[in-house]
Amino acid sequence: MADVTFTVDGRQLTAPAGTLVIEACRAAGIEIPAFCYYPGLSLQAACRMCLVRIEKMPKLQTACTTPVGEGMVIATETDEIKQARKSMLELLLANHPLDCPVCDAGGECELQDMTFKYGAGGSKFTDIKNHRDEQQWSPVVFFDRPRCILCYRCVRVCNEGMDVAALGIQFRNSGAVIAPNDITSLDCEQCGMCIDLCPVGALTSDTYRYKTRPWELTHVGTICTHCGDGCKTTLGARREENGMQIVRGDNRDKSGMNGDFLCVKGRYAFDFANNPERLTQPLVRQPDGKLAPARWEDAIALVARRFREIREERGGAAMGVIGSTRITNEEAYLLQKFARGPLQTANIDHHRTTDYPGFVKALGGETAHFGSIADALTAPAILLVGGDPTEEHPLLAWNLRTNFRHNGSRIYIANHRAIKLEHQAKATLRISYGGYADLVRSLAASDDASLPAETAHFRDALRAEQNLLIVFGAELRGDAIAPLIQFGLSLPAAKFACLGDFANSRGAMDMGLHPAFTPGYQAVSTVGLSLPQMMDAAGRNELAALYVVGDDPVGRLGLAPESLRNTFLVVQDMFLTATAQVADVVLPSASLYEKSGTVTNTYGDLQPVKKAADTTGVRSDLELIIRIADQMGEDIRALVPFGRGERGDMGQSRGVQSGEADRHAVWLAAHNLEPKLSPFDPDALLDEIQRLVPGYDVDRFALMAGEPQPVRVAAGSNFPVSTGSESIQPANDTLFTSGTLGQYSEKLTEVNRFQAEKTLVAAG
Amino acid sequence: MSATTLPAPFAPTIFSPELAARFDKLVTLYPVRRSALVPMLLYAQDEIGYLSDSAIAEIAQRIGITELDVRNVLSYYSMLRTKPAGKFNVQVCTNISCMLRGGRELLEHCERRLGIGHKQVTPDGVFSLEEVECIGACSWAPAVQVNYDFHDNLTPEAMDAVLESYRAKANE
Ligand code: SF4
Ligand code: SF4
Ligand code: SF4
Ligand code: FES
Ligand code: FES
């Protein structure tokens, strides 16, 4: 739109026509106070805090609803305006309690800030304040009516942002009150967005309510450990007896690619880290068959000795390694290096929930067509094949709804069941449960007269799209992926996203926790055993040692624990999982919130994670792997590049062919990076990953500045025929579950039960 | 949702066949269905005396909105109620004109006579009492509305006669 020029407080400004006065001013650094206005939501004009004087207009105007006009002359802070705002505050405070000393929002409250600024300290009201008791609406949401200033932010974010519409407004004037949809409770997605947006302390969360003051917390921005979408979450942690404990999570500063969005898991399900069942001491199986606490030195020495003995006696082929979908890229990379190096085994795998190798293979070299989660916010058209983002990929669902609301994007859905996003869909095609492969084949096929009219219509609409974001999940695996990619590549500009389930599912695969691939999908010459094959081998007494880092195959697959009886089993985990219970050695490990490194979300957006908390007694998986290797007598420098190059001359005198360490030093120098001094510095491994793993040579400085970096992996020329898709097991998580981790979050478990009961009641 | 397609009659219904038929038609009369909400609430209340949970649920379904939406609207209007009133709902105005001409005294008189307060119902279910804002009969203040009938220029004595006449009706 054409630009208009106008004057604010004597400054001449320019903004596109149609821009709201409040936004135009904010963009120029002029803050206009606002309670009801919230960027991205519909306009309300309920609070009158944003009043400004616009010349030639008879009364003060609301800056939140008035678009800028050519030649407008605006004043934002005159005595008249200050007085108007002060009066509005006085009215808002008429029934507002003097709760600030105990209110959760104290110190972060917009009403406090405004009262402080405009000085509405006294009140002309002498009547007794209306009081209502605080109500609990769900395991998460509490409502304190007297604190509410009726800005309707909560109502709008639930209606528009969440498409849940669980909040309404009832009665009128000073009796008006925000009301939940189930009379006295909330039947909803429990996302906490309403709490997050509430400018005051009227909506509070059970997790944070009356626990602490915000200035007592350290705030660290990191990445959510639950689903594969990779939301940034700012964790507030407080010192406790046993370390730094997380007490809240939000993204109020909108610093990540998720803006202010978090689902119930990102916002509240961090409490697994504080679960009293957390392991904080190594456990070693005793002659009496029981696990007993042991000293770190002894436990690690035992693991190292047995690993070495087994390698020497039975060879690497009798050993296996299982990695995790919630460890960092650096840890996954190191783990596969440890397996393939010191343990001399090709038997390495992880819980695979989707077919990334199949996707990379089908896309071939077309790396420009990898989508990002950001594309879901801007793509003019989206095709969703299978899945239910509302349950499994809440940020994707949020972005799709926002895109639809703001840009009118066209969403096409092909699914075997009804999903909530159909509310926003332009077209929905219902197919059979097993019909996905057929569907994508018919999309790619040249015109097929035998196609049902509905399918043909759906396909024709898609073919007319120029920029289509194509999103698919585990419904398509192996050879079934290729036709979809082929169809997308026939469009002028399609992008693709492949949905996997966990925080670092994509990273685990990219880093080569797979029997057929080293990092970056480079095929190995001898394919090792997959996770199910390792379990079978153990049952046949052919697996002498198994090293499980952050997974629970026994619990997850419902295996008989006896099958591992003759395997030396080492488990690194936060909890005594079903697998850990039958282990010979259990090493307590740190959660993703207790370490630094990087993770890659399912769309291939690489992001840094930062240590926000810690629990006394645990160690990061990275440290544990290194300590075991060290005790085995391995050369740690061969595993982690740290310190200077071998000869300390940066490889200059003998060229870059003089050895790995020197090559690394040359690469570091070329990238303006310093050598890392400690093997426990995850950045040392990130350096190597960036240097060696195809697709990961992204802009390091932008990454560290917190900008997600796109990872674009091209399929190598020696890509194997089979991508091993038969052992894929989708997690089938809902909004209120999170793989094998969810059960350790008390809050998530409580919410899950609460909503399950609501569903039961609704079903009669 | 197209407003031109007539929906099939809604069944099963908790309303009388006449009212149900009226509702079937009502939702088709406006460009958007929810415009029918306020009249539906009023007619439903007239028929069953108040807006029960099942009446709210059926109206929500008929229009295609949530029950929360219905409650948001109905709670805004003080004439709509979610609890049963007496057979005769006595609404005493105490807004400014009536107040100046004895509206408050009239209310207190009714409270004493009926033995109930604001928004309460007599044990026999015959009367309920409500203090209300202006009912538009200021010229003949103080005024009282009983169900849909007006009584004005009242004194406590005249009010007794009014109450008696309704009690007689209740006994018929
Ligand atoms: S928690 Fe989320 S879904 Fe529930 S009422 Fe609040 S915004 Fe709506
Ligand atoms: S509860 Fe909070 S967000 Fe909702 S209307 Fe009240 S003040 Fe605004
Ligand atoms: S959408 Fe996924 S990444 Fe985001 S907060 Fe929820 S679980 Fe975490
Ligand atoms: S911000 Fe403009 S009226 Fe509330
Ligand atoms: S003030 Fe009582 S009828 Fe108007």
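The values are calculated or read from the model by the stated rules, or taken from the named source; none is laboratory data. All values reported here derive from a predicted model rather than from experimental measurement. Every residue, glycine as well, gets a Cβ built from its backbone with ideal geometry; the counts of neighbours run over all protein chains shown. What goes into the accessible areas is simple: the full protein's heavy atoms, side chains included, and nothing from ligands, DNA or RNA. Shrake-Rupley method; radii C 1.70, N 1.55, O 1.52, S 1.80 Å.
Would you mind telling me the share, in percent, of accessible area of the stretch B:17-74 contributed by carbon and sulfur at probe 1.4 angstrom?
Ligands and nucleic acids excluded, carbon and sulfur give 56 percent.
Setting aside same-chain residues fewer than 8 positions from A:K337, which aspartates and glutamates have a Cα under 15 Å from its Cα?
List returned: A:D349, A:D510, A:D621, A:E623, A:D630, A:E634, A:D635, A:E660, A:D687, A:E688.
Over all pairs of distinct alpha carbons, what does the Kirkwood formula give as the hydrodynamic radius of the stretch A:374-512, in Å?
When all Cα pairs of the stretch A:374-512 are included, the Kirkwood radius is 15.3 Å.
Which order do the peptides A:173-180, A:232-239 take when ranked by the mean count of other beta-carbon atoms within 10 Å per residue, highest first?
A:232-239, A:173-180
Can you tell me the Rg and Dmax of the stretch B:17-74, counting just the alpha carbons, in angstroms?
10.3, 29
Per q in 0.15, 0.21 1/Å, what log10 I(q)/I(0) does a Debye calculation on the alpha-carbon atoms of the stretch B:1-146 return?
-0.82, -1.17
What ranking, highest mean first, results for peptides A:688-698, A:207-217 when packing means the other Cβ atoms within 10 Å averaged over each residue?
Put in order of decreasing packing, that is A:688-698, A:207-217.
Say R0 is 25 Å: what FRET efficiency, to the nearest 0.05, do A:A705 and A:A27 get from their beta-carbon distance?
Efficiency, rounded to the nearest 0.05: 0.70.
First select every other residue whose beta carbon is under 10 angstrom from the beta carbon of A:R238; then total the charges, Lys and Arg +1, Asp and Glu -1.
Here the count lands on +2.
Can you grab the distance from the C-alpha centre of the stretch A:1-67 to the C-alpha centre of the stretch A:500-577, Å, no decimals?
Result: 58 Å between the Cα centres.
Plugging the Kirkwood radius over Cα pairs into Stokes-Einstein for the stretch A:1-151, at a temperature of 20 °C and a viscosity of 1.002 mPa s, what D comes out in µm²/s?
For the chosen part, D equals 126 µm²/s.
Carbon and sulfur together cover what percent of the accessible area of the stretch A:356-499 at a 1.4 Å probe radius?
51
If you line up the Cα atoms of the protein assembly as shown on their principal axes, what length do they span on each, largest first, in Å?
Rounded to whole Å, the extents work out to 112, 67, 65 Å.
Would you work out which of A:L421, A:N347, A:F359 lies farthest towards the positive end of the dipole of the stretch A:328-439, given +1 charges on the beta-carbon of Lys and Arg and -1 on that of Asp and Glu, about the Cα centre?
Going by the charge dipole, the pick is A:L421.
Per residue, how much accessible area does the protein assembly as shown have with a 1.4 Å probe, in Å²?
42
Work out the length of the dipole vector of the stretch A:93-205 about its Cα centre, built from +1 on the beta-carbon of each Lys and Arg and -1 on the beta-carbon of each Asp and Glu, and round it to the nearest 20 debye.
560
Let me see the pair-distance distribution of the stretch A:138-262: every alpha carbon pair, 5 Å bin width, integer percents in order.
In order of increasing distance, the bins hold 2, 10, 18, 21, 20, 14, 9, 4, 1, 0 percent.
Do you know which residues of the stretch A:172-205 lose at least 40 square angstrom of accessible area in the protein assembly compared with their chain on its own, with a 1.4 angstrom probe?
Those are A:R172, A:I183, which lose 40 Å² or more relative to the chain on its own.
By how many degrees, 0 to 90 and rounded to 10, does the Cα axis of helix A:453-463 deviate from the longest principal axis of chain A?
Helix A:453-463 and the main axis of chain A meet at about 90 degrees.
Roughly how many debye, to the nearest 20, is the charge dipole of chain A about its Cα centre, given +1 on each Lys and Arg Cβ, -1 on each Asp and Glu Cβ, and no other charges?
Computed charge dipole of chain A: roughly 960 debye.
Relative to the longest principal axis of the C-alpha atoms of chain A, give the angle of the C-alpha long axis of helix A:746-762, reported between 0 and 90° and rounded to the nearest 10°.
70
Roughly how big is the stretch A:678-717's charge dipole about its Cα centre, with Cβ charges of +1 (Lys, Arg) and -1 (Asp, Glu), in debye to the nearest 20?
Using Cβ point charges on Lys, Arg, Asp and Glu, the stretch A:678-717 gives about 180 debye.
Considering only the other residues whose Cβ falls under 15 Å of the Cβ of B:M99, what net charge follows from Lys and Arg at +1 and Asp and Glu at -1?
-3
Please determine, in degrees from 0 to 90 and to the nearest 10, the orientation of helix A:682-692 with respect to the longest principal axis defined by the Cα atoms of chain A, where the helix direction is its Cα long axis.
Orientation of helix A:682-692: about 70 degrees from the principal axis.
Among all the lysines, which ones have a C-alpha under 28 Å from A:K129's C-alpha, if same-chain residues fewer than 8 places away are not counted?
A:K82, A:K86, A:K117, A:K211, B:K83, B:K119
For the stretch A:371-398 and the stretch B:113-172, what is the separation of their Cα centres, given in Å?
61
Interface A/B, total buried accessible area with a 1.4 Å probe, nearest 100 Å²?
800
Determine, from the Cβ-Cβ distance of A:Q83 and A:K56 and an R0 of 25 Å, the FRET efficiency 1/(1 + (r/R0)^6), rounded to the nearest 0.05.
The computed FRET efficiency comes out at 0.75.
Using a 1.4 Å probe on the protein chains only, how many percent of the accessible area of the stretch B:88-171 belongs to carbon and sulfur?
Carbon and sulfur: 51 percent of the exposed surface of the stretch B:88-171.
Tell me, which residues of the stretch B:57-86 get at least 30 Å² less accessible area when the other protein chains come in, versus the chain alone (1.4 Å probe)?
Residues shielded by partner chains are B:L68, B:R71, B:N72, B:S75, B:Y76.
Hey, what's the Kirkwood Rh for the stretch A:226-268 if you take every pair of different alpha carbons, in angstrom?
After inverting the pairwise mean of 1/r, the radius is 11.0 Å.
Taking all protein chains together and a probe of 1.4 Å, list A:H406, A:H351 from the most accessible to the least accessible.
A:H406, A:H351
Just add up the charged neighbours of A:N258: K/R +1, D/E -1, any other residue whose Cβ is under 10 Å from the Cβ of A:N258.
Result for the local shell: 0.
May I have the pair-distance distribution P(r) for the stretch A:93-205, computed from all Cα-Cα distances with 10 Å bins from 0 and rounded to whole percent?
P(r) over the stretch A:93-205, rounded to whole percents: 13, 46, 31, 8, 0.
Based on the mean of other Cβ atoms within 10 Å per residue, sort peptides A:259-267, B:90-98, A:454-462, B:116-124 so the most packed one is first.
Packing order, densest peptide first, comes out as A:259-267, B:90-98, A:454-462, B:116-124.
Using the Cα gyration tensor of the stretch A:264-348, with a ≥ b ≥ c the square roots of its eigenvalues, what is the shape: rounded (a/c below 1.5), prolate (a/b larger than b/c) or oblate (neither)?
oblate
Going toward the positive end of the dipole of the protein assembly as shown, with +1 on Lys and Arg Cβ and -1 on Asp and Glu Cβ, which of A:M88, A:P287, A:N504 do you reach last?
A:M88
Within chain B, which complete DSSP H helices have Cα atoms spanning at least 18 Å along the helix axis and a mean Kyte-Doolittle hydropathy of 1.6 or higher?
None pass (Cα extent of 18 Å or more, hydropathy at least 1.6).
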